[in-house]
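Enquirer: Got a structure here, written out as C-alpha cells. Questions coming.
The values are calculated or read from the model by the stated rules, or taken from the named source; none is laboratory data. Computed from a predicted model, the values in this text were never measured in an experiment. Because the Cβ atoms are built from the backbone with ideal geometry, glycine has one as well, and the counts that use them run over all protein chains shown. The protein model used for the area step is the full one, side chains on, heavy atoms only, and it has no ligands, DNA or RNA in it. Shrake-Rupley method; radii C 1.70, N 1.55, O 1.52, S 1.80 Å.
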Amino acid sequence: MGRQDGRVALVTGGARGIGYAIGERLLAEGASVALLDLDPVEAEAAATRMQAARADGSSGTVIGVGADVSRAGDVSAAVERVVDELGGLHVAVNNAGVLRDNLLFRMSEDDWDLVVDVHLKGSFLVAREVQKQFVAQRLGRIVNVSSVSAWGNRGQANYSAAKMGIQGLTRTLAIELGGYGVTVNAVAPGFVATDMTDATAARLGLDVAEFRRLNAEATVVKRMGAPADIAAAVAFLASDEASFVTGQTLVVDGGLKLVG
Ligand code: NAP
C-alpha cells in the first residue's frame, strides 16, 4: 500500500526537473498525477514518459496539462480538467518557476513582473482554485516550492522576493485552511542540478560541471542536491503522516544555509 493510494496530485512545472521528480515520487506512492506545464506538448510528452517508466505495482494514471500558472483562466480550466479526468484532487504542488536574474540597476520591469507572476501569483492562483475542492472534501495538501534564495541572493531581487513571498503565503494559507483539513507547507531547496541551474552556469560563463562542483562543495554534506531529494521532502509534506505539520518551510539544502 502506498501513502498516496487513491489520491490525485497536481504538480505545476511538472514536465521536467524538480517537478517531474515530484510527480514520479507521488506516482510511486500510489497517486494519479497531473503534470501541468507551460507548453502542452512538453507536458503531455512528460506524462507519457512517466507513465511508461512507472514502477510495477503503482496503479495511478498520469496526464499532462498545458497551462500558464500566472493566468487565472488557465489555472481554473486546468484544475477543472484534472478533477474531471482523474476523478478528484487532494494534493497541489506549486513548483513552476522561471529565472530572470540581474543586478537591480539592470533589472527590467518585465523581468520583475514575470518572475513574481509565475512564482508568487501562480502559487496564489493555484491555491485559490484547489481550495474549493479541498475545503469541500475536508482534505487537502498544498506544498509550495520556495528556495534558499528567499533569504537573499545577489542578482535575484525578483526571485528572492517571490520566494520569500511564497513563505508568507504558505503561513497565511495554513492559518486560513487548517480548520478544513488542509495543510499548507513549503520546501526551500538549495542547489539542485536541473536545466534551471545549468542555465545559471551558462549565464555566469561557468562550465556546468565546475558550477555543480562548487555548489556541492558549499554544502555540509559535500554533494549537490538531486530532484529526488526535493521530491522526498514534498512527498512527506503531501502525506497523511504530515497532518500535524502546517505553515512550515522545510529547508532541503544539504546544510548550505548553516554555513552560507
Ligand atoms: P526547471 O527545470 O526550469 O523547471 C521549471 C518548469 O516550470 C519548466 O518546465 C517551465 O516550463 C515551467 N514553467 C515556467 N513558467 C511556467 C508557467 N508560467 N506556467 C507553468 N509552468 C511554467 O526548474 P527546476 O530547477 O526544476 O525548478 C523547479 C522549482 O524549484 C522552481 O520553482 C525553482 O525556483 C525551485 N528551485 C530550484 C532550485 C534548483 O537549484 N534547481 C533551487 C531552489 C528552488 P518552460 O521550460 O516552458 O519555461
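Enquirer: Skipping prolines and chain starts, which residues have an amide H placed within reach, meaning under 5 Å, of the one on Ala31, given they are 5 or more residues away or on another chain?
Expert: Long-range HN contacts for Ala31: Gln4.
Enquirer: Next up: Relative to 2.2 N^0.38 Å, what does the C-alpha radius of gyration of region 1-138 come to as a ratio? Two decimals please. Can you show the working numbers first?
Expert: Values: Rg = 15.4 Å, N = 138, 2.2 N^0.38 = 14.3 Å.
Taking the Cα Rg and dividing by 2.2 N^0.38 Å, one obtains 1.08.
Enquirer: What percent of all Cα-Cα pairs in region 81-227 falls into each 10 Å bin, going from 0 up to the bin containing the maximum distance?
Expert: All Cα pairs considered, the percentages come to 11, 35, 31, 18, 6, 0.
Enquirer: Sticking with this one: What base-10 log of the normalised intensity I(q)/I(0) is obtained for region 118-194 from the Debye formula, alpha carbons as equal point scatterers, at q = 0.14, 0.18, 0.23, 0.26 Å⁻¹?
Expert: Evaluating at q = 0.14, 0.18, 0.23, 0.26 Å⁻¹ gives log10 I(q)/I(0) of -0.46, -0.70, -0.99, -1.15.
Enquirer: Just going by the charge dipole of the chain, with Lys and Arg at +1 and Asp and Glu at -1 on Cβ, which of Gly122, Pro40, Gly179 is farthest out on the positive end?
Expert: After comparing all options, I get Gly179.
Enquirer: Sticking with this structure for a sec: How many percent of all Cα-Cα pairs in the chain sit more than 26 Å apart? Before the final figure, lay out each step's value.
Expert: Values: 12099 of 33670 pairs.
Looking at the chain, the distances longer than 26 Å represent 36 percent of pairs.
Enquirer: Let me have the 222 nm mean residue ellipticity of the chain computed from DSSP H runs of 4+ only, each contributing -39500 (n - 2.57), with the sum over all residues rounded to the nearest 500. Mind showing how you got there, number by number?
Expert: Values: 10 runs with 120 residues, N = 260.
Helices in the chain give a 222 nm mean residue ellipticity of -14500 deg cm²/dmol.
Enquirer: Send over a whole-number figure in Å² for the accessible area per residue of the chain, probe 1.4 Å. Working shown, then result.
Expert: Numbers: 11880 Å² over 260 residues.
Result: 46 Å² per residue.
Enquirer: To continue, here is another question. Probe radius 1.4 Å, ligands and nucleic acids ignored: give me the carbon and sulfur share of the accessible area of the chain as a rounded percent. Present the calculation step by step, with values, prior to reporting the outcome.
Expert: On the way: 6360 of 11880 Å².
Percent of accessible area from carbon and sulfur atoms in the chain: 54.
Enquirer: Among 213-219, 233-239, 175-181, how do they line up by average Cβ neighbours within 10 Å per residue, starting with the highest? Can you show the working numbers first?
Expert: Values: 213-219: 15.9, 233-239: 23.1, 175-181: 13.7.
In descending order of packing, they fall as 233-239, 213-219, 175-181.
Enquirer: Now for a different question. Take each of the peptides 96-103, 201-208, 138-145, average the number of other beta-carbon atoms within 10 Å over its residues, and list them starting from the highest. Let's see the in-between values first.
Expert: Details: 96-103: 18.2, 201-208: 12.1, 138-145: 23.5.
Highest to lowest by the protection proxy: 138-145, 96-103, 201-208.
Enquirer: Let me confirm the definition first: pairs of Lys residues in the chain, 8 or more apart or on different chains, C-alpha distance under 18 Å. How many are there? Working shown, then result.
Expert: On the way: Lys121/Lys132; Lys121/Lys163; Lys163/Lys257; Lys222/Lys257.
Total qualifying Lys-Lys pairs in the chain comes to 4.
Enquirer: Run the dipole for the chain about the Cα centre, Lys and Arg Cβ at +1, Asp and Glu Cβ at -1, nothing else charged, and hand back the magnitude in debye, nearest 20. Numbers along the way, then the final one.
Expert: Numbers: 24 positive and 30 negative charges, 141 e Å.
The calculation lands at about 680 debye.
Enquirer: Between the alpha-carbon centers of region 233-249 and region 1-54, tell me the distance in whole angstrom.
Expert: The distance from the Cα centre of region 233-249 to that of region 1-54 comes to 19 Å.
Enquirer: Can you bin every Cα-Cα distance in region 37-117 into 10 Å intervals starting at zero and give me the percent of pairs per bin, rounded to whole numbers?
Expert: 15, 38, 28, 14, 5, 0
Enquirer: If packing is taken as the average number of other Cβ atoms within 10 Å across a peptide's residues, how do 29-41, 9-21, 153-165 rank, most packed first? Mind showing how you got there, number by number?
Expert: Details: 29-41: 23.2, 9-21: 26.9, 153-165: 19.8.
By packing density, highest mean first, the sequence is 9-21, 29-41, 153-165.
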